[in-house]
Each structure stands twice: as C-alpha cells, then as structure tokens.
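Data block below; observations after.
The values are calculated or read from the model by the stated rules, or taken from the named source; none is laboratory data. Everything quoted here is computed from the prediction, not taken from an experiment. Positions of Cβ are backbone-derived with ideal geometry, glycine not excepted, and every protein chain shown enters the neighbour counts. To get the accessible areas, we keep the full protein, side chains included, count just its heavy atoms, and leave off ligands, DNA and RNA. Shrake-Rupley method; radii C 1.70, N 1.55, O 1.52, S 1.80 Å.
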Amino acid sequence: MATRRNTDAPTAPIDHSVAGLAARQIAQGAVADLIGKTRGFALEDALIQAGRAAGLDAADAGLARAIATATFRRFGLLRHVLASRMSQGLPEDQPRLVALLATGAVQILDLNVPDHAAVDLGVRLAKADPQLQHLSGLVNAVLRRIVRERADILAAPGDPLADNTPDWLARRWRSAYGEGTARAIAAAHLEGAALDITVRGSAVEWAERLGGVVLPTGSVRLHDVRAGVADLPGYTEGQWWVQDAAAALPARLLDVKPGERVADLCAAPGGKTAQLAAAGASVLAVDRSSPRLERLSQNFARLGLEAEIQVGDALALSDDATFDAVLLDAPCSATGTLRRHPDVAWTKTESDISRLIGLQKRLFDKAATLVRPGGRLVYCTCSLEPEEGEAQVATFLARNPGFERIPVRAEELGGLSEPIDASGDLRTLPSHLGGEVPEMRGGLDGFFATRLRRAS
C-alpha cells in the first residue's frame, strides 16, 4: 500500500483540453472531499460550487453529477470490488485515490462510458494530481482488471444491505423494521428514484401530456425523462414543480383552506410552501438559509405564487404570532432520501442523529406555541430513524397534553394503508410503491409525519 500523502496538497488546475476530463476531475474531487470529510457540503452543493468555479458547461456538469451520484449509489459495492483486486486492500486513508478508483470503476460497471475513456482519463487524472502521480500505474492496472473481469463482477452483484449499506445504518434498519424490510429498503436505494412532480391543475391531464402516471397519492410520476426538467412542457409556465411523492404528503395532511394563516418552518427548498400557497393559504415561510430561500423565491416567481419569506431561525419567532396551521419539516439526518442523495449514507454518522434530536425537540415545542387553539400542527422529517420521528412525537405529546393526534386515513393517501403505522402516523419507506404496479415503480422517499390538533 502506498504511503499516505498530504490530503491538503494542491491539485492540478481543471484541464478542459481533453474531452470529458474536466467533468471527471470535478466528480472525483467532490467524492474525495465528501468521503475525506474535508468539506461540509452535500454532494449536489459540492458539484455546483466546483462546476461553477471550473466553468463547466451543462453537458460536463451533467456528466460529473452522473458519475459522482452513481459512485455514491454503489459505493459499498465498489469498495468491495476494488479491495479484492488490490494486493494490500483499498487504502481508506487516501480519499483522493479511493475516489479516483471508485469513479473510474463505476463508469466501467454501471455507466454508458467506453472502457478506454474510463481507463485513459482515470490515468490522466492520476498523472495530473500531485498526490497521485506516483500511483498512475496502479490506477491503470486496477481499472484495466475491472474491464477484463466486468462480466464476473456483474454476475455477482453483492448484497445491497450487507455490502452497500454502512454497518451502522444496516443495524438500525434491521432493528427498526426487521430483516426483510431492511433488505427491501437497501435494494430500493440501488434502484434510484423516478421523477415525481406536483401539479397545479389536473394530475390526469399532466400525466397524459408528459407521459407519466398519476400515483394514488396525487403526484405525477415520470419515467425515462429524456429532456432536461426545465425543457418539459408546463415547467416554464409554472404549472408544476419537482417534488418526491412522499415529500408532498405532509402539506396535504395539513389540509389548509383558502385564507388560512399558515407557518412553514424550515421551509426551503419550498415544495411544501408552494403546496400551501397554491391551496390559497397566507403563508409565512421561514428558513435560516438565505441562498436556499433565494431559490424558493425564484421558484415562486416562476409558479406565480406568493408567500411572506423570512430569513431567520424559527426558534426566534415571536410567540405572539399564532397560525391556523403550522408545518415543521425539521432538520434531520435525511436517511430517507438515499434514492436521490446516496452520498448521505456515506457522509452522515450516527452521532449526527444524536445531535439533531435535541434541535428537533426544541423546534417541535416552538412550533406548538405558534398554533392557535383548535389549529393543526404537522411535524415531519425525511428520515428513516425512529428517534427523529415516532419517538419525537411520543415525547412531544407527553410534554404537551394540550395536543392530540389526528390519525392519517388511507383515503387521504389514495387508498394506501401500508404507509400508516399503528398510531395513525405516516411512515413511508423507499420500498413502498417498489414495483407491484410496474408503471408506478420507483419507490418513495422515507418520510415520517404526524398530524396534531391543539385543544380549543
């Protein structure tokens, strides 16, 4: 195994002279930064920032995103493949080398990339990187071996739960959901996600126009989208927005009426805010992130919707302000979003959950103070972890006897009963809608939501 190099050493400038090299350099750098914990970004933010700095065009930015996302989606399996083909195993203490080998391997195994391009450009990246120049021969040998043994590798794909899920997450899901469901969740993550949209008009008409299908919950699901999202009919005109079908449920459960005063806490990126505003509510949208709220404002301009947008900490809102309904989409570990954001599995830790639980509790209690007598409160998280969902509502109700649960009914979910737990709360899993009806295949984000009413 090579000796460890300084991970803070400068890397080569982006090389745009060789087709596809810059995209691969951005993908490798983003993966290395995240697995090496040198940046606190999510993958999407890391790619956007690096791509802008490098001046990538849309095609190269899309290629970088495809490579990096595919790498994280199969990161555990890729590590097994690589480690078994290196005499001293995979050098986990060298994130730039691991990222280079993994992004090269995923191109060979999973993406429609010519073998010679994956190998040659991987070697070029190694030679251009001061940290990896001395390992270019190793990179060449490992990637060429993967090309030769691709059929054998693909014939033995590995176990999604045991081999492609971090041990701490696999243990948690087995404990919370049982072995069978944990395996179904892990398998769903490998499948990725379809494109779901929330429409402002007739879901049936937009499904027909866009070649999609209306899900029981009311979202429209699109498969095999060839054009960019912004190029699809109705996008520019503000007739719909992208939103996972599970993410659309909490705002629907709030069941707001025209003219009601509603607070959307931790509102960005704004899909739920748009649902509330489109229903005719007067919405206060609060979030700490100014850039994310700026994107919300841009989306609202496209959609022709209005909301009062406030940058700030929801905990600092005045208790004197009361609302007919409050939606709290609390900050969480986001382990329910791995179909779309597979980097979460490899960049979050169990300690992140412990840290977030206290914040969720404070926000939950704060949200309660904003609900008028007789008003409704929906608390939700895009997490699969019970401490961030079921346990939070149980302790909240123990602290706040003036609130009662309004159970979710199957008819509110288009007849689906599987996502409703024994307490009447919503618990969607990535394995739900996983393929029983082929045209609806694609699963759901993992979401928890509870609906409460304050006593009059």
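Structure above, values below:
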| read-out | value |
| --- | --- |
| Portion, in percent, of the accessible area of the chain that falls on carbon or sulfur, probe 1.4 Å | 50 percent |
| Histogram of C-alpha separations across region 301-340, 10 Å bin width, % | 16, 39, 36, 9, 0 |
| Between helix 21-35 and the chain: long-axis angle, C-alpha atoms, 0 to 90°, nearest 10 | 60 degrees |
| Relative contact order (%) - region 141-296, alpha-carbon pairs under 8 angstrom, separation at least six | 15 percent |
| Pair His134, Glu411: separation of 7 Å Cα→Cβ label points (nm) | 7.2 nm |
| Accessible-area order (highest first, 1.4 angstrom probe) of the listed residues Asp45, Asp287 | Asp45, Asp287 |
| Check: the chain dipole with +1 on Lys, Arg Cβ and -1 on Asp, Glu Cβ, in debye | 680 debye |
| Charge-dipole axis of the chain as Lys and Arg at +1 and Asp and Glu at -1 on Cβ define it, positive-most pick from Gly270, Val119, Leu161 | Val119 |
| Positive-end extreme of charge dipole, the chain - chosen from Pro331, Thr236, Val142 (charges on Cβ) | Val142 |
| Probe 1.4 Å, accessible area per residue of region 144-279, Å² | 43 Å² |
| Per residue accessible area in Å² of region 312-456, where ligands, DNA and RNA are left out and the probe is 1.4 Å | 38 Å² |
| Label-to-label distance, nm, for residues given as Glu404 and Asp167 (7 Å Cα→Cβ offset) | 4.8 nm |
| Length gained when the stretch Val18-Glu350 is fully extended (0.36 nm per residue, less Cα-Cα span) | 115.4 nm |
| Net +/- balance of residues flanking Ala61 in space, Cβ distance below 14 Å, scoring K and R +1, D and E -1 | -1 |
| Cα long-axis angle, helix 95-109 against the chain (0 to 90 degrees, to the nearest 10) | 90 degrees |
| Ala316 versus Ala301: modelled label distance in nm, points set 7 Å from Cα along the beta carbon direction | 2.5 nm |
| Computed lengthening from Ser289 to Arg209, 0.36 nm per intervening residue step minus Cα-Cα distance | 25.3 nm |
| In degrees, nearest ten, helix 58-73 long axis to first principal axis of the chain (Cα) | 90 degrees |
